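Notes follow the structure.
The values are calculated or read from the model by the stated rules, or taken from the named source; none is laboratory data. Fair warning: this is a prediction, and the values are worked out from it, not measured in the lab. Cβ placement follows ideal geometry from the backbone for every residue including glycine, while neighbour counts extend to all protein chains displayed.
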Amino acid sequence: MEISRRSSRIARFGSFESDLDAGELRKHGHRLKLSEQPFQILAMLLEHPGEIISREQLRQLLWPSDAFVDFDHGLNNAVMRLREVLGDSSNHPRFIETLPRRGYRFIAPVELSSPSSSPAVPEASVRGLAPEANASEPIPATVTPTGATEARFSISRIALLVAGVLAGSVLISALAVHYVTGVNAGKNLANRTSSLVVLPLENLSGDKDQDYFADGMTDDLIANLAKIRSLRVVSRSTAMAYKGTHKPLPQIASELNVDAVVEGTVMRVGNRVRITAELVQVSTDQHLWADTYESTIGDVLSLQNRVSFAIADEIRINLTKEDKERLARKPFVSPEAYEDYLRGRYYWNKRSYDGFAKSIDYFQQATHRDPQYAMAYAGLADCYGIIGSIIYGAAPSAEAATKAKAAATRALGIDPSLAQAETSLATAQFNYDWDWPGAAEGFKKAMQMDPTYATAFQRYSLYLIAMGRFDESFDQIKKARDLDPLSISIHASIGRRFYFARDFDRSIEQLRDTLDMDPNFEWARLVLGQAYEQKGQYDKAIEEFRRAVELSNASPVMLSGLAHAYAASGNHAEALQLLARLQALAKNQYVSPYYIAMIYLGLGKNDLAIDWLEKAYGDRSNGLVFLKVEPALDPLRTNPRFVALQAKMNFPN
């Protein structure tokens, strides 16, 4: 087949477009760096979509007949680099299909149009690594081209100019590197970066089941950079909200109010991992830095330190002595332990009953595989710190408290700088020990250890609202929101603060906005149902509670909320049926006495309600920390037994 070249056209496919005349490839409006030979291959494939382009035809295109090259090696490398840019895979191709011993075929739909419809755009980073190696071999090295893409030459001109290009390439490259380095250094100095976001790293392993690994690497890189005090790093929850989106980088930076964006890819082959990352200064559209790092999984923490140090160096942030020492460390973790830890974090972030159970299993496995892995203990402390709380109620408070404090103490013993573990320890003191001064001190210490850790501010806000210090609580939850503006947990927490402050209209508004972010967030539906109930809107309350029961697989806290709403609305028969269901569940799993108390309270049986609240006190149920502020308890406020119970809690004045 004779190949005819149709230039002066724009070819669009997927999220990419290519100017076949100018020799440019763009993704979401940003120009990608692609060297001459890979682009020529792409252009030929795009001009003949669905057709097989033989290896011999590509040889004729790329090299003159008398060129002395290792053709097979050169063509394989060019196709590999093209796939890296496209984020494509030879095993599971979206764009370029390999036909063994024959050639290649472009399999995605291609739209050809006039180039006048495609505006000029700024240059952006190359994103993508393709798994071209098997698990037993090192991941192929990535070639990062320097300089702009040249206009394509015809085969005859390549033959005439190849000698001159080879002779002058070294000098041109040296001059280009010297010039670009000087310009970039000047721009770095003139445009200091003090804030950035790490966008979710793209999983290029060709296996969706490996998404947890890419997400975990993103989390770790964010946490590593967040420890640099002079740098504001967008929190994990907010950064992950951009996973799978295709917004232009300037728009993302504007929405998050940051100076720079880090984006990149993760590819895992066997026991090796490669990170390719790029740093873009958005205000100038300057690509400050891009590099590729490769290591074994066991050395991945050291790899993350190297990436963080390179980013800090490029944005010319002032690193403290402690920062430099931390980033210079070469920590090692058992590969199996790291794998378990990442899976544990993946399920932790689901914020569900099943998710907590799975995350505990994985964190425990990680600590068994590597008893010195502090982050695995911190993960356990996170889980136990809240699974016994009234909002989840999946374990007896005494059991949860013991395990949470043991795991947090162990984590801090290994790494005293872990604000995450300090927060979990303070959470256990607040939820289960009712050690008000100790909890307050712990939360403040965690916030000092890591001023960017939004969860510490969120938990301190909850402590303050339980103490009746509403204004201070809202100050802290707003700080948490500023640090992590797209965190669904924090947005729901704001709604709960309004509920405790008896501002039910604002609570409803906030929680409905939260559910717009995730309609399946069961906890937000629970609190929304409580707010509707306090306004006497029982039909809406029952609707939300029913949905919460469904989403949580009928967890005790959701059943209790629904039963209370039925009782308050006058439907005692439904309430009593749910009460019997909870009492039956209690024979096989933990059911907090607090949940039973709330149903009796809705039924108007106040003495029985206080009986069960006193049992909850003996059980150290977390629900009692909100005795001062829970609106549903208002019918008991003048009851002497309730007054005595509240006095036993020793709340500070």
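Structural remarks
- The set of residues in the stretch 350-371 that are more than 30 Å from PRO519 (Cα to Cα) and loosely packed, with under 15 Cβ neighbours inside 10 Å comprises HIS368, PRO371.
- In the stretch 315-349, of all residues being under 22 Å from the mean Cα position of the chain (by Cα) and acidic (Asp, Glu), the one that is surrounded by the most Cβ atoms within 10 Å (Cβ to Cβ) corresponds to ASP340.
- The residues listed here are PHE504, PHE443, PHE470; of these, the one that is over 23 Å from ALA241 (Cα atoms), surrounded by 18 or more Cβ atoms within 10 Å (Cβ to Cβ), more than 26 Å from the chain's Cα centre (by Cα) and assigned by TED's automatic domain parsing to the domain that holds SER417 is PHE504.
- Positions within the stretch 79-104 being crowded, with 18+ Cβ neighbours inside 10 Å and over 33 Å from the mean Cα position of the chain (by Cα), in sequence order: GLY103, TYR104
- The residues of the stretch 330-362 that are part of a loop (DSSP other than H, G, I, E, B), of a type in the set (Lys, Arg) and touching a residue at least 60 places away in the same chain (Cβ under 8 Å) amount to a single one, ARG351.
- Residue identified as within 16 Å of ILE596 (Cβ to Cβ), at pLDDT 95 or above and either crowded, with 21+ Cβ neighbours inside 10 Å or aromatic (Phe, Trp, Tyr) (or both) among ALA531, ALA541, ALA563: ALA563
- Just one residue in the set ALA374, ALA378, ALA411 is in the same structural domain as SER552 (by TED's automatic domain parsing) and modelled with pLDDT of 90 or more; that residue is ALA411.
- Filtering ALA406, ALA395 for residues that are at pLDDT 90 or above and either more than 22 Å from TYR499 (Cα to Cα) or surrounded by fewer than 24 Cβ atoms within 10 Å (Cβ to Cβ) (or both) leaves a single hit, ALA406.
- Residue list for the stretch 293-314, restricted to those being surrounded by 21 or more Cβ atoms within 10 Å (Cβ to Cβ) and touching a Ser or Thr at 6+ places or on another chain (Cβ under 7 Å): LEU303
- Filter result (of a type outside the set (Val, Ile, Thr), in a helix (DSSP H, G or I) and either within 23 Å of VAL258 (Cβ to Cβ) or out of contact with any Ser or Thr (no Cβ under 7 Å at 6 or more places or on another chain) (or both)) within the stretch 477-492: LYS478, LYS479, ALA480, ARG481, ASP482, LEU483, SER489, HIS491
- Per-region count, the stretch 79-103, residues over 22 Å from LEU32 (Cα atoms) and assigned to a loop (DSSP other than H, G, I, E, B): 5
- Residue ranges of helices (runs of 4 or more DSSP H) in the stretch 544-653 with at least 2 members under 40 Å from the mean Cα position of the chain (by Cα), more than 26 Å from LEU511 (Cβ to Cβ) and hydrophobic (A, V, I, L, M, F, W, C): 572-585
- So GLY29, is it modelled with pLDDT under 85 and farther than 18 Å from PHE95 by Cβ: yes
- Test for ALA108: is it in a loop (DSSP other than H, G, I, E, B) and at pLDDT below 60: no
- The stretch 88-102, residues that are touching a Phe, Trp or Tyr at 6+ places or on another chain (Cβ under 9 Å) and not charged (D, E, K, R): PHE95, ILE96, THR98
- Neighbours by Cβ (under 9 Å, 6+ apart or cross-chain): first from the stretch 448-477, closer than 13 Å to SER493 by Cβ; second part of a loop (DSSP other than H, G, I, E, B) and among the hydroxyl-bearing types (Ser, Thr, Tyr): ALA454/SER235; ALA454/SER487; THR455/SER235; THR455/SER487; GLN458/SER487
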